[in-house]
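Worksheet for the structure shown next.
The values are calculated or read from the model by the stated rules, or taken from the named source; none is laboratory data. Keep in mind that what you see is a predicted model, and the values were worked out from it rather than measured. A quick note on method: Cβ atoms are made from the backbone with ideal geometry, for glycine too, and the neighbour counts reach across all protein chains shown. Note: areas computed on protein heavy atoms with side chains; ligands, DNA, RNA excluded. Shrake-Rupley method; radii C 1.70, N 1.55, O 1.52, S 1.80 Å.
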Amino acid sequence: QKHSDEPPPRLCLYGLGAHRLETTVEAGVRYYVIRTSALSGLPVRPGFARYGGDVYLDSSFRPVKIVDVGYGPGRRDGSEQVVVTRPGDQRWTEAKFRFRSSLSVLVTLVDHLYGVHLQVANLMVTAAREQLSPDHPMRRFLSPFMFQTIQVNSNARNNLVQPRSLAPRCFAFTEQGFQIAFAAAPKLLRCGFEVPASEGGPLLNFATYADYMKETHGIDTEWFRQGKRYYTILRTYLESFLGVFYANKQAVVDDPELHATLLQFTHQMELVTPKQELVDVPSDVDKKYEKIVDMVSSHMFWVSAMHEQVGAIEVFVQDVSFCAFKWVPGALIGTKQTATAQALLMASTSAPMPEILGTDWTHLFKDLSVPQRAGEKQSTPDECYRRLQSELQEMSDYCDQYNKTASARPFPECFPLVTMHPKLLEMSCSL
């Protein structure tokens with residue numbers, strides 16, 4: 001059914017674009033939209049089509065039009081031809097192919113390679129390794145979520161980021177276009193990074209972000225609901241672990257190593273993120289504590305659930321007539337070379353990592369010194385981890401039931417969702 005009108009809403013609500021859904025109002029009509037037109041102005045190599053295509057869905061999530069400013073060759077004067085295609089038009093099938101393919105490129109380059117690997121995972125692991133001593137409780141706590149990250153990101157730098165390496169050969173961009181795409185990536189990230197400071201952003205807390213999307217934009221999809229639940233489980237685990245080693249919030253913010261980690265993470269965020277998205281370090285105890293918890297739990301969420309969302313896309317790109325990283329103008333399928341390159345990229349970036357549900361990491365806590373507080377019944381790190389596993393199993397059971405009954409629900413809730421399913425998530429980002 002790849003040429004039917006089913007893929008756009010499924011991609012937008014349950015698949016590749018679920019995290020990029022937004023709303024807009026035109027002529028008094030409210031639409032759901034996923035945009036890829038940010039890529040349309042970037043130069044591509046001769047013989048390949050430019051990227052582009054913003055899909056608009058009505059209130060019932062049916063596609064009504066695709067607005068494409070990347071159709072046709074680029075113009076020297078910088079002006080763009082806006083092509084609007086609607087269901088039933090001659091170019092509708094091509095417009096959908098262009099949208100799906102452009103979305104796969106945007107998600108792979110911006111959200112996966114830059115967002116997960118080079119920003120969130122890289123900044124956190126660098127700050128933790130440089131500021132937390134080997135026996136610090138939080139260094140041990142983070143170890144599963146940073147497992148192999150340094151090696152993985154080193155491979156990404158050498159094999160996916162460098163000019164003429166594997167990833168650049170997959171895409172149609174010129175070397176200049178590839179560099180511009182990376183330079184623009186911080187402004188193109190979503191999932192809280194796009195929220196302006198005037199509205200409390202950026203929002204590292206995904207639960208807060210899910211509420212923001214519901215209250216501000218009217219977006220309340222199952223992807224956001226499950227994401228909020230999963231994030232809350234991770235955050236609860238983190239706070240229970242902190243409660244083992246720190247008597248209160250004041251003790252957390254007074255820890256010099258945690259303070260140094262937060263400062264370094266914040267400073268690095270300022271270097272790679274646009275000015276309007278700077279992350280301030282508050283002086284208020286409660287706010288600073290929340291910032292520390294947001295920083296760590298956001299990292300946990302991004303390297304597991306978000307990496308599954310934006311990194312495990314082989315199911316979408318295994319068929320270059322569904323999603324192609326590059327194609328020639330007018331085609332409805334990528335070239336043979338594109339098919340081979342995409343397959344190689346997926347094969348070389350699919351190394352499995354430890355799963356978050358069912359993997360025992362309690363050996364990391366065996367030799368940690370747990371402070372004893374008189375008159376308190378304290379949990380142990382092992383108990384915190386077992387509660388995490390129990391809550392993840394409960395969510396996994398819910399996800400199984402949700403997916404099992406998908407076909408019995410009316411459109412658009414009639415599809416399964418797998419990217420937030422705990423039994424499918426890994427604890428750290430693989431390459």
Checked ALA49, ALA38 against criteria (within 15 Å of SER101 (Cα to Cα) and touching a Pro at 6+ places or on another chain (Cβ under 6 Å)); the one match is ALA49
Requiring at least 2 residues that are within 30 Å of ALA341 (Cα to Cα) and open to solvent by 10 Å² or more (accessible area, probe 1.4 Å), the helices (runs of 4 or more DSSP H) wholly within the stretch 163-274 are 166-170, 175-188
Here the qualifying pairs (Cβ atoms under 8 Å; residues six or more apart or on different chains; first in the stretch 254-266 and within 13 Å of GLU130 (Cβ to Cβ); second surrounded by fewer than 17 Cβ atoms within 10 Å (Cβ to Cβ) and of a type outside the set (Val, Ile, Thr)) come out as GLU257/SER133; GLN264/GLU130
Flagged pairs (Cβ under 9 angstrom, 6 or more apart or on separate chains; first in the stretch 417-431, assigned to a helix (DSSP H, G or I); second surrounded by fewer than 20 Cβ atoms within 10 Å (Cβ to Cβ) and of a type in the set (Val, Ile, Thr)) are LEU424/VAL418
Log entry, pairs with first residue in the stretch 385-404 being closer than 18 Å to TRP223 by Cα and open to solvent by less than 80 Å² (accessible area, probe 1.4 Å), second being charged (D, E, K, R) and assigned to a helix (DSSP H, G or I), beta carbons closer than 7 Å, six or more apart or on different chains, reads MET395/ARG229; SER396/LYS423
Residues of the stretch 344-362 being surrounded by fewer than 15 Cβ atoms within 10 Å (Cβ to Cβ), part of a helix (DSSP H, G or I) and at pLDDT below 95, in sequence order, are LEU344, ALA347, SER348
Of all strands (runs of 3 or more DSSP E) fully inside the stretch 1-101, the set with 2 or more residues that are open to solvent by less than 60 Å² (accessible area, probe 1.4 Å), free of Cβ contacts under 8 Å to residues at least 60 places away in the same chain and of a type outside the set (Ser, Thr, Tyr) is 54-57, 63-68
Scanning the stretch 102-141 for residues that are modelled with pLDDT of 95 or more and assigned to a loop (DSSP other than H, G, I, E, B), the one surrounded by the most Cβ atoms within 10 Å (Cβ to Cβ) turns out to be LEU132
Taking first residues from the stretch 310-329 that are under 20 Å from SER40 (Cβ atoms) and second residues anywhere that are among the charged types (D, E, K, R), the pairs with Cβ under 8 Å that are 6 or more apart or on different chains are CYS323/ARG100
